[in-house]
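Worksheet: the structure to be examined is printed underneath.
What follows is calculated from the coordinates using simple rules that are stated; it is not laboratory data. Keep in mind the model is a prediction, meaning the values are calculated, not measured. Cβ atoms come from the backbone with ideal geometry, glycine included; neighbour counts cover every protein chain shown.
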Amino acid sequence: MSLFAEVWEAVKAVGAGLGAVNKRISEPAVTEFYPYKKPEIPPVSVQFLALIQNEDGTDRCVACLQCERVCPSQVITIERKRNPEGKGFVLERFDLDFANCMHCANCVEACPVSAIVTVGAFEHAVYDINLLKADKAMLDHIGHEARVWYSPKFGVELRTPEGKIQKAPPEMQPGGLAELLKAEGGEAS
Amino acid sequence: MSRMPLPADRLVQPKLVGYDPTRPRPWLERLAYTLFFAALWAMVILAYGAVPALFRRFGWLSTTAGFLAYAVVEAVLAFLLAAVVALILIVVLRKYLGKVQERVGPMHYGPAGVFQTVFDALKLLGKEDFAPKRVDWLIFRIAPAIVFVSAFLLMVALPVAGGWVMADLNVGLLYIVAVSTLGAYGVVLGGLSQGNKWGLLGGFRAGAQLVSYEVPLALALLAVGVYAGSLRLSDIVEHQYGVWHVVPLFLSFVVYLVASIAELKATPFDLPEAESELVAGYNTEYSGMSFAFFFLAEFVELFLLPGFMVVLFFGGWHGPLFGLAPGSFAAGVLQSLYFLIKVAVWVWIFLWIRATLPRFRDDQLMDLAWKGLLPLALVGLLVAAFLRMFLEVL
Ligand code: SF4
Ligand code: SF4
């Protein structure tokens, strides 16, 4: 009898498998239609770096060289000169070699004025590696294109359609939603 | 200024021709598959019914030239039918596996990707048919032809409706066994000739597997022959007017089902071409049209083995005729529809099994063939013989 019992077990197992497979036909596909439908990138994601300029077109960067010093890959090259009109320095050159950058965002952490930030743009595959060597104009351009960016000092910032720079609402901030919920819970209790 | 192309240049939105992922259109897919089925039906009617009827009507078959022309036309039609079957089944398989695995499957060509195989075939036609340096050239070139021809020859003996068969052989069952075994030669030779260890292993496995599964398959066929009292396939179908053979010969049917999946080298038994172990098994080194012929043969068999299963166990073309005279052309058209529907259901079940089960290990495979299926097939043969005896006595 044990042979028949074994065969019956096997038939039951195969039948259960067939049933499970048949159920999955009606479930929706999880496929990402990437190039046709761009995915939503969360506001805090290290996809690319950008230099942010103020609304009046001046550089946020104060040429303090912190990012150049902290970069583990040593891909940032800054040249600066004394500001002829006042104190401090102005940039002469700001180069960043994205080919060797490891996207660790140490530079973003180090920047005291949130001039260098992380942005969500991610489609940067090019055929010529030299095209990945960005200069200041390039980084400024990425900053101008960006609608939303992040730095630890100022949190997530937005560029409105009119070109104004604003702090993003708390639910877009990292941990902001959790804090909001906690605050609500605190009020309730 | 930067030498980097600005990101704005790359914000191009590519368009997906014929498919909008935000708006899946299942009705369009269903329509496409219905049209596929209709095309298959039309091809079957043309190849098995219309052209022979035409030649007979005008009496061309009595002259030598007429007969030769008939043979040539039928061969071309059978080849076209094989191509249509393979084109349809490949895309159906890929779509079905995609649905099961929660993907979308092919989607770029035609509505929801239903013309994908046409473009695949064009791609394979355009590729160089490359033979590596170390291959045994003659055998390497002959192997795909053997595999394809053996699948193609089976088509000749397939009765799709009453009187609709290219060659109504009086030894039809033996013919099936002989010709389908020929395909195993092609696979083994293709694997061994290519001077590649994956191909060699695939060939060995294919040899072991196909030879072991031919035995229970042949015994299951023999049981049907014994029970029906004839080896002619149309006689076997006629014999099922009262009750389909699947009821009295259930054991043989189970053996045939398992053995034919093994013949197909489909998933629970896909050891000869196990992608995760051997690169592609026996067809590793094949490219271009040689590879396409292996592929074509596999999918023609995926149509033919369920086809013979329907002929042997599920009453072939039987179905309500609505008052049409059996033997007339209209009745043949309707009967071929019944036959194709039954085959389609069985192809679906084969694909379902393929999507479900994981791969056997080599020794389990041999265990199943020799310790499980062979005794079962012998018992089935005994049952068939006794039932036949009782039928004779009654
Ligand atoms: S992300 Fe890291 S590697 Fe890249 S520039 Fe900034 S500090 Fe250097
Ligand atoms: S750390 Fe910030 S402010 Fe200092 S040089 Fe780098 S980008 Fe400019």
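Can you name the residue in the range A:48-66 that is part of a loop (DSSP other than H, G, I, E, B) and touching a residue at least 60 places away in the same chain (Cβ under 8 Å) and is also nearest to ligand 1 (Cβ to nearest atom) among such residues?
Per the stated criteria, the residue is A:I52.
For the range B:357-389, name all the residues that are in a helix (DSSP H, G or I) and without any contact (Cβ under 8 Å) to a residue 60 or more places away in the chain.
The answer is B:D363, B:Q364, B:D367, B:K371, B:G372, B:P375, B:L382, B:F386, B:M389.
I'd like to know if the range A:30-47 contains one or more residues that are within 16 Å of ligand 1 (Cβ to nearest atom) and not in a loop (DSSP other than H, G, I, E, B). So that I can check it myself, show each step before the final result.
Step one: list which residues in the range A:30-47 are within 16 Å of ligand 1 (Cβ to nearest atom), which gives A:44-47.
Going one step further and asking which of them are not in a loop (DSSP other than H, G, I, E, B), we end up with none.
Scanning the range A:30-47, I find no residue that is within 16 Å of ligand 1 (Cβ to nearest atom) and not in a loop (DSSP other than H, G, I, E, B), so the answer is no.
Condition check: closer than 17 Å to B:R361 by Cα and part of a helix (DSSP H, G or I). Does B:P306 satisfy that?
no
Given the structure, is A:H141 surrounded by 15 or more Cβ atoms within 10 Å (Cβ to Cβ) and in a helix (DSSP H, G or I)?
Working: surrounded by 15 or more Cβ atoms within 10 Å (Cβ to Cβ): yes; in a helix (DSSP H, G or I): yes.
Yes.
From the residues in the range A:83-118 that are touching a residue at least 40 places away in the same chain (Cβ under 8 Å) and within 14 Å of chain B (Cβ to nearest Cβ), which one is nearest to ligand 1 (Cβ to nearest atom)?
My answer is A:C101.
When you check A:E109 against the structure, is it within 16 Å of ligand 2 (Cβ to nearest atom), within 20 Å of A:M138 (Cβ to Cβ), surrounded by 11 or more Cβ atoms within 10 Å (Cβ to Cβ) and not hydrophobic (A, V, I, L, M, F, W, C), yes or no?
no
With the checklist (1) touching a residue at least 24 places away in the same chain (Cβ under 8 Å); (2) more than 15 Å from ligand 1 (Cβ to nearest atom) in hand, flag the one item A:R80 doesn't pass.
Against the list (1) touching a residue at least 24 places away in the same chain (Cβ under 8 Å); (2) more than 15 Å from ligand 1 (Cβ to nearest atom), A:R80 comes up short only on (1).
Just give me the residues in the range B:216-249 being free of Cβ contacts under 8 Å to residues at least 12 places away in the same chain and within 22 Å of the chain's Cα centre (by Cα), in sequence order.
None; the set is empty.
Given the conditions (1) more than 14 Å from chain A (Cβ to nearest Cβ); (2) in a helix (DSSP H, G or I), report the number of the one that B:G315 does not fulfil.
B:G315 satisfies every listed condition except (2).
Kindly indicate which of A:E162, A:E123 is part of a loop (DSSP other than H, G, I, E, B) and facing another protein chain (nearest Cβ under 10 Å). Before the answer, list the steps.
Details: A:E162 fails: facing another protein chain (nearest Cβ under 10 Å).
The unique qualifying residue is A:E123.
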